[in-house]
Amino acid sequence: MGANSSSISELPENEYLQKLSGSEPISENDPFWNQLLSFSFTTPTNSADLKLLEEATISVCKSLVEKNPRTGNLGSLIKVFLSRTKELKISAECQNHLFIWQAHNALFIICCLLKVFISRMSEEELQLHFTYEEKAGPSSYGGYTQVLMKQTSHEKLK
């Protein structure tokens with residue numbers, strides 16, 4: 001995925017997917033999203049193709065599951081998708097298919113990731129992936145730390 005045409009066999013080493021699932025937060029304003037979402041990929045149309053896709057991306061998904069509570073990259077991807085959807089009507093009227101293409105690609109990635117997230121974690125764990133808040137300071141881990149601190153303080157009160 002990224003600026004070129006992609007095949008399932010290339011996905012585990014894809015630099016854009018590696019960055020998405022990496023340990024660095026990516027702001028929704030980062031030009032990275034334009035690169036990630038500019039790919040041509042044949043959407044799986046049967047269960048065999050879908051299984052191949054899932055197998056090819058399992059390492060990326062595992063990394064994102066582990067690192068996303070600290071990076072908030074899934075939330076950034078969702079915000080990028082929402083910003084692209086705001087441009088869809090104008091894009092269609094101008095016959096500029098860039099936002100339509102990128103919104104489709106963003107939604108495809110989100111669906112694939114959420115399928116893995118939902119199948120592999122509890123509701124409480126899943127919630128951590130949507131409570132990220134960027135905080136100032138080098139030692140902050142955003143909403144994940146905030147949630148853990150709240151849980152710890154509530155446990156001490158009991």
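The values are calculated or read from the model by the stated rules, or taken from the named source; none is laboratory data. Given the structure is predicted, the values throughout are model-derived calculations rather than measurements. Cβ sites come from the backbone with ideal geometry, for glycine too, and all protein chains shown count toward neighbours.
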Any chance segment 45-55 includes a residue that's in a loop (DSSP other than H, G, I, E, B) and either touching a residue at least 40 places away in the same chain (Cβ under 8 Å) or touching a Lys or Arg at 6+ places or on another chain (Cβ under 6 Å) (or both)? no
Tell me which of these PHE99 doesn't satisfy, since it passes every other one: (1) over 17 Å from the mean Cα position of the chain (by Cα); (2) loosely packed, with under 12 Cβ neighbours inside 10 Å. (2)
Within segment 111-133, is there a residue that is at pLDDT 90 or above, over 17 Å from LEU17 (Cβ atoms) and surrounded by fewer than 16 Cβ atoms within 10 Å (Cβ to Cβ)? no
Which residues, counting only those in segment 66-124, are outside any helix (DSSP H, G or I), small (Gly, Ala, Ser) and in contact with a helix residue (DSSP H, G or I) (Cβ under 9 Å, 6 or more places away or on another chain)? GLY72
Examine segment 36-56 for a residue that is under 18 Å from GLU15 (Cα atoms), of a type in the set (Gly, Ala, Ser) and in contact with a strand residue (DSSP E or B) (Cβ under 8 Å, 6 or more places away or on another chain), and state whether such a residue exists. yes
